[in-house]
1. Could you run through region 80-107 and say how many residues are touching a residue at least 40 places away in the same chain (Cβ under 8 Å) and in a loop (DSSP other than H, G, I, E, B)?
2. Within region 114-146, work out how many residues are polar (S, T, N, Q) and within 13 Å of the chain's Cα centre (by Cα).
3. Can you tell me which residues in region 123-134 are crowded, with 17+ Cβ neighbours inside 10 Å and polar (S, T, N, Q)?
4. With respect to Tyr90, determine if the residue is under 20 Å from Ile127 (Cα atoms), surrounded by 15 or more Cβ atoms within 10 Å (Cβ to Cβ) and touching an Asp or Glu at 6+ places or on another chain (Cβ under 8 Å).
5. Under 7 Å between Cβ atoms, at least 6 apart or on separate chains: pull out the pairs that start in region 37-59 with a residue that is without any contact (Cβ under 8 Å) to a residue 40 or more places away in the chain and part of a loop (DSSP other than H, G, I, E, B) and end on any residue that is surrounded by 11 or more Cβ atoms within 10 Å (Cβ to Cβ) and of a type in the set (A, V, I, L, M).
6. Every residue in region 165-175 that is under 20 Å from the mean Cα position of the chain (by Cα) and either of a type in the set (Val, Ile, Thr) or more than 12 Å from Val130 (Cα to Cα) (or both), please.
7. From the list Ala137, Ala110, pick out the single residue that is touching a residue at least 12 places away in the same chain (Cβ under 8 Å), surrounded by 15 or more Cβ atoms within 10 Å (Cβ to Cβ) and either part of a helix (DSSP H, G or I) or not charged (D, E, K, R) (or both).
8. Using beta carbons and a limit of 7 Å, which pairs, at least six apart or on different chains, have the first residue in region 158-187 and within 14 Å of Pro37 (Cα to Cα) and surrounded by fewer than 17 Cβ atoms within 10 Å (Cβ to Cβ) and the second one modelled with pLDDT under 95 and of a type in the set (Ser, Thr, Tyr)?
Amino acid sequence: MSTIKTGRLVLRPTELSDAPDIQDYFNNWEIIKWMRPPVPWPYPEDGAAEYLRGLQQKPSWKSFSIVQHDSSKVIGTIRFECHNDGATIYAERGFVLSQEYWGKGLMSEAADVLNNHIFSTTDASEIRAVNAMGNAASHKIKQKQGFIFQGVFTSDRPYHIGVIEEERWILPKDVWHDSNTNAANIA
């Protein structure tokens, strides 16, 4: 898996050694409330290490740790997994960012280059993503990237915040390329 660079960030393959940084920001209700089980709450002391060990057992998930150019501290993760539903090859995408870095455009920057990476290195013709109803920040990123809103659906399990409704989104490759002016530098 390649390292991806942006103007302010480096997305590099997630490693087990990233667990302490991930644990520091992930043990936070403001982050966990927008997730659903199997992500536990309260978040256990070894939650990040256990998550990363689980990722090692799922090589189909491609996870990147997000760090700023001037630091080695992991401030977030972004991941995807490709699927084939018989009609479409698509990538499922998810992300999380430390609360202290919210509102600075960093996750939009990381998601932009990950979209480029997905569409240039896989056979996916679209990216699919979901977010809990009420997660305005995640909603806004998808809107800015040109994702097409598919509607509100009932989730098969509730989010920690208590909602069971989620927004579903699709970003077709041609829509992304038609509207995208961002370019990833893949190292």
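The values are calculated or read from the model by the stated rules, or taken from the named source; none is laboratory data. What you see is a predicted model, and the numbers here were worked out from it, not measured in a lab. Counting neighbours? That spans all protein chains shown, and the Cβs are built from the backbone with ideal geometry, glycine included.
1. 1
2. Here is the first cut: in region 114-146, the residues polar (S, T, N, Q) are 115-116, 120-122, 125, 131, 135, 138, 143, 145.
Those still in the list that are within 13 Å of the chain's Cα centre (by Cα) too: 115, 131, 138.
The total comes to 3.
3. Selection gives Asn131 alone.
4. On the way: under 20 Å from Ile127 (Cα atoms): yes; surrounded by 15 or more Cβ atoms within 10 Å (Cβ to Cβ): yes; touching an Asp or Glu at 6+ places or on another chain (Cβ under 8 Å): yes.
Here the answer is yes, as Tyr90 does meet what is asked.
5. Cβ pairs passing all conditions: Tyr43/Ile32.
6. Ile170, Pro172, Lys173, Val175 - these are the residues of region 165-175 that are under 20 Å from the mean Cα position of the chain (by Cα) and either of a type in the set (Val, Ile, Thr) or more than 12 Å from Val130 (Cα to Cα) (or both).
7. Values: Ala137 fails: surrounded by 15 or more Cβ atoms within 10 Å (Cβ to Cβ).
The unique qualifying residue is Ala110.
8. Ile164/Ser155
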